[in-house]
2 protein chains.
Amino acid sequence: MSVFSQTIKETAALVEAALDQFLPTQGGPLGRVADAMRWGALDGGKRLRPFLAVAAADMFACPRTRSVRVGCAVEMIHCYSLIHDDLPAMDDSDLRRGRPSVHKKYDDATAILAGDALLTQAFEILAEAETHPDANIRCALALELARASGKAGMVGGQMIDIYAEQKNFDFAGVTQLQRLKTGAIIRFSAIGGGIVGGGSADEVAALSAYAEDLGLAFQIVDDILDETSDAQALGKPVGQDSEMDKATFIKLFGMDGAKTKAAELVESAKAHLDRFGDASAPLKGAADFVFERKS
Amino acid sequence: MSVFSQTIKETAALVEAALDQFLPTQGGPLGRVADAMRWGALDGGKRLRPFLAVAAADMFACPRTRSVRVGCAVEMIHCYSLIHDDLPAMDDSDLRRGRPSVHKKYDDATAILAGDALLTQAFEILAEAETHPDANIRCALALELARASGKAGMVGGQMIDIYAEQKNFDFAGVTQLQRLKTGAIIRFSAIGGGIVGGGSADEVAALSAYAEDLGLAFQIVDDILDETSDAQALGKPVGQDSEMDKATFIKLFGMDGAKTKAAELVESAKAHLDRFGDASAPLKGAADFVFERKS
């Protein structure tokens with residue numbers, strides 16, 4: 001087993017256990033919204049974003065009790081965004097990770113509130129003293145996460161994506177869209193790990209450059225899988241982006257061109273980590289994984 | 001003009017100008033979501049919550065450049081909650097502050113995203129160094145706001161409210177519901193002002209006690225207005241809570257009993273502020289205002 005495979009299994013288990021503790025008790029006084037938060041956030045697959053945070057922090061010998069909290073915060077943001085994106089008013093997806101999406105399992109109101117609660121709890125976790133004894137670090141994390149996930153990050157990207165349908169985007173346009181919609185959170189995951197680990201400004205900048213290339217490669221591969229995979233392997237409906245005539249990298253480069261572009265980005269991502277030597281093996285492995293993944 | 005009337009006009013103007021700066025530019029690169037955020041957050045009436053934050057901070061001679069930021073953060077949370085609550089999947093309200101609600105003016109997807117963006121930006125503002133030079137203060141603010149607005153606060157209360165319809169609540173039950181749904185954010189407003197102003201733990205606790213009584217009085221008066229006011233005065237549909245058979249204080253106490261209870265709470269709220277002497281006049285005036293308001 002590669003060092004990447006081993007680390008991502010380890011971190012996924014740590015994050016799953018921590019999320020289970022953070023989330024309100026099933027059937028408790030919060031009832032339905034607690035159940036919906038758990039449905040939308042637990043059993044969540046690979047946990048790539050928390051892995052990036054923990055693996056980046058590991059390079060600075062950061063205690064995992066701290067970096068797992070950063071991983072949980074970014075995963076809560078990721079899960080809230082999936083819950084809201086799946087709503088009938090947005091992408092209208094009934095299936096997520098091979099199971100009914102939150103609004104199908106519960107209802108639209110519960111899904112909206114569960115998403116709001118997860119989004120809010122991400123900041124609660126980062127602001128708590130357990131995340132880092134230095135409040136400057138905690139504030140830096142909260143600030144970066146807010147910028148990555150808000151109007152000038154993920155939410156802004158989602159808005160552009162919805163209203164960009166049937167428009168002709170060039171490479172710069174699609175790249176900018178994906179940098180906001182999915183890239184900003186992937187970038188936060190890596191730099192969040194560097195920040196909680198006490199990395200220097202230069203080291204955090206290297207992590208940022210790595211994650212920007214990685215995020216774009218990730219999205220290109222997502223577009224490829226959306227065209228070539230099947231719903232069972234992917235755990236969600238396929239062909240929707242193409243069907244809805246959304247801007248994708250496949251339309252720009254063709255299938256072969258997209259694969260070449262993704263491979264280039266993965267090599268570039270890894271090169272940014274050379275300064276960290278052998279300690280960067282898990283993160284470099286993640287870049288290879290993003291290129292090779294089948295779901 | 002009372003010191004309260006003067007202060008709330010001043011703070012509303014300061015907050016309006018600051019929100020105008022914080023919010024993304026209309027028609028800018030973020031387009032529709034920026035417009036919707038502005039529609040849902042600007043021209044927002046009395047701005048009672050920011051007033052509480054600024055007036056509480058004023059008692060500690062806190063620079064208003066700082067306290068207005070806390071006020072903007074809590075107002076963004078308040079406005080996001082109204083935008084999401086008004087959605088067809090939730091309360092399905094077409095009218096807010098006498099104007100079309102955000103999803104009526106734009107659409108459901110845009111309203112969901114605009115709410116998400118406002119919620120996220122509240123934490124961005126608190127985490128920024130301009131809010132207070134001491135990161136411990138900024139983290140305390142972010143933590144308290146997250147707790148007030150999340151699963152164990154506003155969102156939890158909203159969830160209970162939706163699923164509590166047609167259930168029989170006693171006074172303790174309705175009080176607990178309102179403490180979460182509306183009280184937690186009002187409490188944050190007051191203690192947020194105390195925290196950013198550098199108040200002692202005792203002083204912040206006094207502000208908390210004041211705000212808890214005030215919040216409950218506010219909600220009782222809300223129930224009274226929902227039965228007695230008209231849509232034009234209130235700027236939103238009336239009689240909905242009663243029609244939907246939601247738990248209200250009127251059902252528990254009757255109209256006269258509810259008025260008596262609100263009056264008692266207002267006196268109790270003011271008594272908690274006696275330790276601050278004359279400096280508490282604006283906050284005491286707010287308590288009287290809450291009781292006397294007609295909309």
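Data for the structure
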{"read-out": "Paramagnetic reach from A:Q6 in segment A:42-67 [backbone N under 18 Å; point 7 Å along Cα→Cβ]", "value": "A:51-52, A:54-62, A:64"}
{"read-out": "Helix-only [θ]222 nm of the protein assembly as shown, DSSP H runs n ≥ 4, -39500 (n - 2.57) each, per residue, nearest 500", "value": "-22500 deg cm²/dmol"}
{"read-out": "Cβ-vector label at 7 Å, B:G254, separations to other copies in nm", "value": "8.3"}
{"read-out": "Span per principal axis, largest first, for the Cα atoms of the protein assembly as shown (Å)", "value": "74, 45, 44"}
{"read-out": "Cα lying deepest toward the dipole's positive end in the protein assembly as shown, options A:M159, B:M76, B:G173, charges on Cβ", "value": "B:M76"}
{"read-out": "Intensity falloff of segment B:14-84 expressed as log10 I(q)/I(0), Debye formula with alpha-carbon point scatterers, at q = 0.27 Å⁻¹", "value": "-1.19"}
{"read-out": "Taking the C-alpha atoms of segment A:145-198, convex hull volume expressed per residue in Å³", "value": "59 Å³"}
{"read-out": "Enclosed volume per residue, in Å³, of the convex hull spanned by Cα atoms of segment B:3-292", "value": "116 Å³"}
{"read-out": "Chain B: relative contact order in percent, alpha carbon pairs under 8 Å with at least 6 residues between", "value": "20 percent"}
{"read-out": "For segment B:3-292, with +1 on Lys and Arg beta carbons and -1 on Asp and Glu, the positive-most of B:G257, B:F291, B:A201 along the dipole", "value": "B:A201"}
{"read-out": "Förster radius 41 Å - calculated FRET efficiency between A:D134 and B:K104 (Cβ-Cβ, nearest 0.05)", "value": "0.35"}
{"read-out": "Share of alpha-carbon pairs per 5 Å distance bin for segment A:49-144, given as whole %", "value": "2, 14, 21, 20, 14, 11, 10, 6, 2"}
{"read-out": "Number of partner chain Cβ atoms within 10 Å, mean per residue of B:102-113", "value": "4"}
{"read-out": "Built amide H within the under 5 Å cut-off of A:L95, gap 5+", "value": "A:S101"}
{"read-out": "Computed log₁₀ I(q)/I(0) - Debye formula, equal Cα scatterers, no solvent, segment A:100-163, q 0.20 Å⁻¹", "value": "-0.88"}
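Quick note: the coordinates plus some simple rules give every number you see, no bench work behind them. As the structure is a computational prediction, the values presented were derived from the model and not from experiment. Positions of Cβ are generated from backbone atoms using ideal geometry, with glycine treated the same way; all protein chains shown enter the neighbour counts.
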